[in-house]
Structures are given as C-alpha cells and as structure tokens.
Amino acid sequence: ETGVTQSPTHLIKTRGQQVTLRCSSQSGHNTVSWYQQALGQGPQFIFQYYREEENGRGNFPPRFSGLQFPNYSSELNVNALELDDSALYLCASRPGGAVYYGYTFGSGTRLTVV
Amino acid sequence: DAKTTQPPSMDCAEGRAANLPCNHSTISGNEYVYWYRQIHSQGPQYIIHGLKNNETNEMASLIITEDRKSSTLILPHATLRDTAVYYCIVRVNSGYALNFGKGTSLLVTP
C-alpha cells in the first residue's frame, strides 16, 4: 500500500487567484473525499467523488470544485481565493462497497492566501 | 447525523490506559460510532468503529453503552505517540461525510 499522497505540501496564493490541489489515492480505493481544516478546528467536509462522479457535498460555495480521474486520483480547484480559504486541505480515500474500512487520509496541503 | 460531545482535553500517564468518553444521546438506530485521531501535522487516522457491540482491534477498544447514548474509546497502554486529537463521529455507514467536531486533545506524559 502506498497511502494517500497530496501535492504540493505548501502553497502561497494571492487573494482572487485560482488554485489546484492534487491527490493520489491509495491503490484500490475508488472513493475520494476532500476536507478543509482551519487552524484549531476539526476538518470540514467539502465533497466526495465515487467512480468519477460527485456523490456528496458539504456546505461550500460553487467556487470549490473537483475532479476524479479514471485512475481515481483527484483534484480540488478553488477559484477567486479569499483570505478565509487559508487552511490545511486534506484528501481521504477508501474502497467502495458496503463494508466500512475507514478512510485513509493524506498529510494535506497547507494553503496560505495573502 | 447525531451530535457528539467530548471533553476538550485529557491527560494520561504513559503506560496507563487512556479512556476517552463521548456522548451521543441523539444517536439513531442505524448510526455507527467512529473514532479517528489526528497527530500533529498529519491527516486523521481511522481507529475503530461500532454499532452496538463492543469492538476491539490492534489499536484500541470501543465500549458502547447498552442504550447507545455514550461510548468510550480505550487505549490500553498509552504511549507518547498516542498524543493526538481524538474525534468521535456518529453517522450512518453509507454516509459520505465525517463530521469531526472539535475532538478531545489527549496528552500522554512520561
């Protein structure tokens, strides 16, 4: 198992810019979720993809969008960055199916918006 | 998803059992109790989950009360590496979101 890999690890962007964060899910995992974690807070669910389709979304505006590719890797795109978007962005993956195996999380991308 | 209540922080001596409580008085019959932890500068890590029976794995034990309104995560022999924020989450097994809340910050001391 290779685990979940996220890139880049750190990023600084200017308010109003756009950013793309990448996630390589664990081998065999077809479900990918993205979370935003502000400093001192628990992670907040952004959305989830299953077999390239979004199948769940949290309370985030449409400028947060995503993609999942045939190899189950994923991207999180954020447009029109705001200062409050500064956070740790976490990607998590797990196998599909009825049996729960637990999500495997990456170490995250630290985004700073200035 | 049912709301959970956890103490904000706890201390535990190394080698002793760490017992982390969680209240979930509004839990529904089809909702599971999940535990994750997050060590500083890392992503959350799945620990264990259960519906109504007590569960044990290589990391921890989960004790759920008979009325399912509360549960306790037990780390039988805490080590310094168990210092982390522990999150108790309640949701249906088919759900897609994990509502982490604020969790319990566990400090294991020498």
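Quick notes on this one:
- Of the residues A:Asn77, A:Asn59, A:Asn30, the one that moves most in a GNM of chain A with alpha-carbon contacts below 10 Å is A:Asn59.
- Relative contact order of chain A, defined on C-alpha pairs under 8 angstrom at six or more residues apart (%): 37 percent
- Dipole of region A:1-81, positive end: most advanced residue of A:Ala80, A:Ser33, A:Pro62 [Cβ charges, Cα centre]: A:Ala80
- Modelled FRET efficiency - R0 22 Å, A:Leu11 with B:His40, Cβ distances, 0.05 increments: 0.65
- The ellipsoid that matches the Cα gyration tensor of chain B has semi-axes, each √(5λ) in whole angstrom, of 22, 15, 12, with the longest given first.
- For chain B, the relative contact order works out to 37 percent when only alpha carbon pairs closer than 8 Å and six or more residues apart are counted.
- Compactness of region A:48-114 as Cα Rg over 2.2 N^0.38 Å, two decimals: 1.22
- Label-to-label distance, nm, for residues given as A:Phe69 and B:Arg81 (7 Å Cα→Cβ offset): 3.3 nm
- Residues A:Glu82 and A:Arg22, FRET efficiency given R0 of 22 Å [Cβ-Cβ distance, rounded to 0.05]: 0.55
- Sequentially through region B:49-61, phi angles give Karplus couplings (6.51, -1.76, 1.60; θ = phi - 60°) of 8, x, 9, 9, 8, 5, 10, 9, 9, 5, 9, 7, 10 Hz, Gly and Pro residues having no value and appearing as x.
The numbers here are math on the coordinates, done by the rules we state, and not lab data. Fair warning: this is a prediction, and the values are worked out from it, not measured in the lab. A quick note on method: Cβ atoms are made from the backbone with ideal geometry, for glycine too, and the neighbour counts reach across all protein chains shown.
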